[in-house]
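Below is one structure, written out as structure tokens; comments come after it.
The values are calculated or read from the model by the stated rules, or taken from the named source; none is laboratory data. What you see is a predicted model, and the numbers here were worked out from it, not measured in a lab. Methodologically, a virtual Cβ is constructed for each residue, glycine included, from the backbone with ideal geometry; neighbour enumeration extends over all protein chains shown. Heavy atoms of the whole protein, side chains included, go into the accessibility calculation; ligands, DNA and RNA do not. Shrake-Rupley method; radii C 1.70, N 1.55, O 1.52, S 1.80 Å.
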Amino acid sequence: MKKNIFNTMELPILYLDFDELSMNEGMEALSFVDSPATKIEWKVFNKIEEYKFVDYNEEKRIVTSPVMLAETPIMRFTPELGRYYVKFSKPTILKMMTKYFKDGKIHKMNLNHDPKQSKKDVYMIESYIVGDRNKSELFPDIPDGSWVASFKVENDEVWNEIKSGSLHGFSIEGFFIEKYENQMIETMLYDIKIVMNSNETESNKERKIKKLLNLN
């Protein structure tokens, strides 16, 4: 009986990217969400005993949080591939932030990825990439290449949801995410099928499939 190669493997990893020259690709908006993809939730800044990944200031109405973490796996699921991870590389995150500013979308935000809940009076007032030029005492453990942003929240409805604990962090949205995931999954499954149907030894099949899945 042949060994099931996939039972010996970790989950696949897809690196997401986009065409920076395309008007239709890149980030469309930032969403204030109840469950951020980065799994980093904001906490009250003045609670010194808590680990301060995110800060919001009661008087200034400013929230600060990572927008995207470099080289950090985010869990996904599709019926075709099952569970897998996606990652954003350092160059892709910088490219994403740059195009977001260039396209003039930095103040676009909504709640929980619902375009019908687009909110005004919420402004991005700070944005930086963690690295040699920018070190942050607030986020000492996030990887270099991560994107951090701050928003001024003058919208009373949004601020009240933040204070009540209904919203916990940022989440990006854009056409490029779904597009590239779908394309990469289709290509990956096609390439894996070719390897599985080949006359290679089981060990060679495993090695090639691990390479396709970014598991080397």
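Is region 149-159 home to any residue that is within 18 Å of residue 36 (Cα to Cα), modelled with pLDDT of 90 or more and within 16 Å of the chain's Cα centre (by Cα)? Yes, region 149-159 contains a residue that is within 18 Å of residue 36 (Cα to Cα), modelled with pLDDT of 90 or more and within 16 Å of the chain's Cα centre (by Cα).
The set of residues in region 136-165 being outside any strand (DSSP E or B), touching a Lys or Arg at 6+ places or on another chain (Cβ under 8 Å) and open to solvent by 50 Å² or more (accessible area, probe 1.4 Å) consists of 144, 154, 157. The condition of being surrounded by 20 or more Cβ atoms within 10 Å (Cβ to Cβ), of a type in the set (S, T, N, Q), under 23 Å from residue 105 (Cα atoms) and at pLDDT 75 or above holds for only one of 89, 65, that being 65. On the stretch given as region 69-124, residues that are under 19 Å from residue 213 (Cα atoms) and assigned to a loop (DSSP other than H, G, I, E, B) total 9.
For residue 185, indicate whether it is touching a helix residue (DSSP H, G or I) at 6+ places or on another chain (Cβ under 9 Å) and open to solvent by less than 60 Å² (accessible area, probe 1.4 Å). Spelling it out, it is not the case that residue 185 is touching a helix residue (DSSP H, G or I) at 6+ places or on another chain (Cβ under 9 Å) and open to solvent by less than 60 Å² (accessible area, probe 1.4 Å). Applying the criterion of being modelled with pLDDT under 90 and of a type outside the set (D, E, K, R) to the residues of region 111-130, the residue that is most open to solvent (accessible area, probe 1.4 Å) is 115. Filter region 94-105 down to residues that are aliphatic (A, V, I, L, M) and in contact with a Gly (Cβ under 8 Å, 6 or more places away or on another chain) and give me whichever is surrounded by the fewest Cβ atoms within 10 Å (Cβ to Cβ). It comes out as 94. Assess whether residue 108 counts as being surrounded by 12 or more Cβ atoms within 10 Å (Cβ to Cβ), within 12 Å of residue 27 (Cβ to Cβ) and in contact (Cβ under 8 Å) with a residue 24 or more places away in the chain. Against the criterion (surrounded by 12 or more Cβ atoms within 10 Å (Cβ to Cβ), within 12 Å of residue 27 (Cβ to Cβ) and in contact (Cβ under 8 Å) with a residue 24 or more places away in the chain), residue 108 qualifies. Got at least one residue in region 3-17 being more than 18 Å from residue 211 (Cβ to Cβ) and modelled with pLDDT of 70 or more? Looking through region 3-17, at least one residue is more than 18 Å from residue 211 (Cβ to Cβ) and modelled with pLDDT of 70 or more.
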